[in-house]
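The values are calculated or read from the model by the stated rules, or taken from the named source; none is laboratory data. Owing to the predicted nature of the structure, the values given are computational and were not obtained by experimental measurement. Neighbour counts are summed over all protein chains in view; Cβ atoms, including those assigned to glycine, are modelled from backbone coordinates with ideal geometry.
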Amino acid sequence: MLNHHNEWVRSSAPAGRVSGFVGDSVFRDGRWGVGYFDGLRLDGALQPIYCLSHKRPIGFEGLIRPKDTLGQPISPGELFGRATNPEQRVHLDRICRAVHIHNFVELGLDEGWLFLNLNPNLFWTYKRDLRAFTMDLLDHFNLDPHRVVLEILEKSIPDEGLMGALVDHYHEKGCLVAIDDFGSGHANFDRIWRFRPDIVKLDQSIITNAMHNPQARRMVPGLVSLIHQAGALVLIEGIETHDQAMIALDAEADFVQGFYFGRPMSDLEDVNELKSDALYELGIRFRHHFHGEAQKQFAKIRFYLDLLQRWIGPIDSLTVLRANALEFAKESGVKRCFILDEFGHQNGPNMAVGHRSHFAHIAGGDGADWSRRTYYRRAIVRHGVPQVIGPYFSQPDASMCITLSMALPLDGVVWVFCADLEWSGSADMVVGENRFT
């Protein structure tokens, strides 16, 4: 859990436009702050965001829950639809931010982040005023900027030059910046490289697609890895089920958010009672799941390794190696076998060609140079030691495969036997040496 303190938080900022605005726009219902706009009551809710490694909440996203005059909930879309001109939209946006900051401060946390949504469209006309007003709000509530993550909706960035200046401004002020809903149809890695966000929130559609599409599921770890290499942390949002949470764990995401871990809460006591038992249980289940999947994967590979072991001994020439490779290629699940010389050049044609006709002209063959492939590079420095490489995307048939490889010195010349195997499992196979033990 995040650590709490019991001090009553008061404003340290001098009276001014922010103090007057807050006094007129944010009211207490007990300790919880609420706002009012166009006759609607604006309750604030905080949804926890969890760190998968530490198994505890590391922040909360502020969400508005509007109610009509009868106390019935209405959608945020209907609320913002009532702001019919730019001035009203700015005023409503300020009320929402003030409510969230007030409630977050009232939690009495001495660590953790508040995630605040920004409406970039408001900044095109009011950029100077809105930038200053946000920082003034933080001053008013005595909230350090380094505890604030400003979320910018990825698909609502029409002016990238101005957006870059906005991100730079908030970075200079000490805030963190997140790109929200990345991958919802406008995913653009150029924006990650240009804006240098601290956190990228992957849209719920990514985790939803991964549930039903094996190809999409294999891509999630790579997507997370690519964002990490760009220098940003990854938060997967919209997680509602155990299976979705397992995908997030498998992908090595940093943070998670969604109903599975915690719903938006509008009561301070609910927030204070947050527990992370579900994450501990999830971690145990994931370890069992990973162990089981790894056993299945290696059992499948072991069949081919044992087969390879049986015909290693009699090989004393390239002719015998080629004859045995032809027999190996007849096994179910083997796409093709081929032999490389010590420089990584293919010697002779593929055996048991398994490529689709569309890719016949790039499927390899006599003289093809595979020296840059991991299966060659690992085998050539470890003669006689079988290597298992993959899964990876295979050029000959444009599909996923695993390659077995082993370098064999024969009559003073080194040859590398390679076999491509069909693969439709997960993308987390261990790559490296596999001894016959």
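Might you let me know whether region 33-41 holds any residue that is more than 30 Å from E281 (Cβ to Cβ) and more than 37 Å from the chain's Cα centre (by Cα)?
Step one: filter region 33-41 for residues more than 30 Å from E281 (Cβ to Cβ), giving 33-41.
Remaining after also requiring more than 37 Å from the chain's Cα centre (by Cα): 38-39.
Among the residues of region 33-41, at least one is more than 30 Å from E281 (Cβ to Cβ) and more than 37 Å from the chain's Cα centre (by Cα), which makes the answer yes.
For the list (1) touching a strand residue (DSSP E or B) at 6+ places or on another chain (Cβ under 6 Å); (2) modelled with pLDDT under 90; (3) of a type in the set (G, A, S); (4) under 14 Å from L118 (Cβ atoms), I need the number of the one condition that G183 fails.
(4)
How many residues does region 163-197 contain that are of a type in the set (V, I, T), under 16 Å from H228 (Cβ atoms) and crowded, with 21+ Cβ neighbours inside 10 Å?
Here the count works out to 1.
Which residue out of I339, I315 is part of a strand (DSSP E or B), in the same structural domain as A407 (by TED's automatic domain parsing), buried (at least 17 other Cβ atoms within 10 Å of the Cβ) and not aromatic (F, W, Y)?
On inspection, the qualifying residue turns out to be I339.
Out of all the residues in region 356-394, which are surrounded by 16 or more Cβ atoms within 10 Å (Cβ to Cβ) and at pLDDT below 85?
A363, G364, G390, P391, Y392, S394
Given the condition part of a loop (DSSP other than H, G, I, E, B) and at pLDDT 90 or above, answer yes or no: does some residue in region 150-160 qualify?
Checking region 150-160: not a single residue is part of a loop (DSSP other than H, G, I, E, B) and at pLDDT 90 or above.
Is it true that G292 is modelled with pLDDT under 75 and assigned to a loop (DSSP other than H, G, I, E, B)? Talk me through it step by step, then tell me what you get.
On the way: modelled with pLDDT under 75: yes; assigned to a loop (DSSP other than H, G, I, E, B): no.
Taking the combined requirement at face value, the residue does not satisfy it.
When you scan region 382-401, do you find a residue that is charged (D, E, K, R) and either more than 17 Å from W423 (Cβ to Cβ) or free of Cβ contacts under 8 Å to residues at least 24 places away in the same chain (or both), even just one?
yes
Does any residue of region 166-179 turn out to be among the β-branched types (V, I, T), farther than 23 Å from G62 by Cβ, in contact (Cβ under 8 Å) with a residue 12 or more places away in the chain and assigned by TED's automatic domain parsing to the domain that holds F60?
Within region 166-179, none of the residues are among the β-branched types (V, I, T), farther than 23 Å from G62 by Cβ, in contact (Cβ under 8 Å) with a residue 12 or more places away in the chain and assigned by TED's automatic domain parsing to the domain that holds F60.
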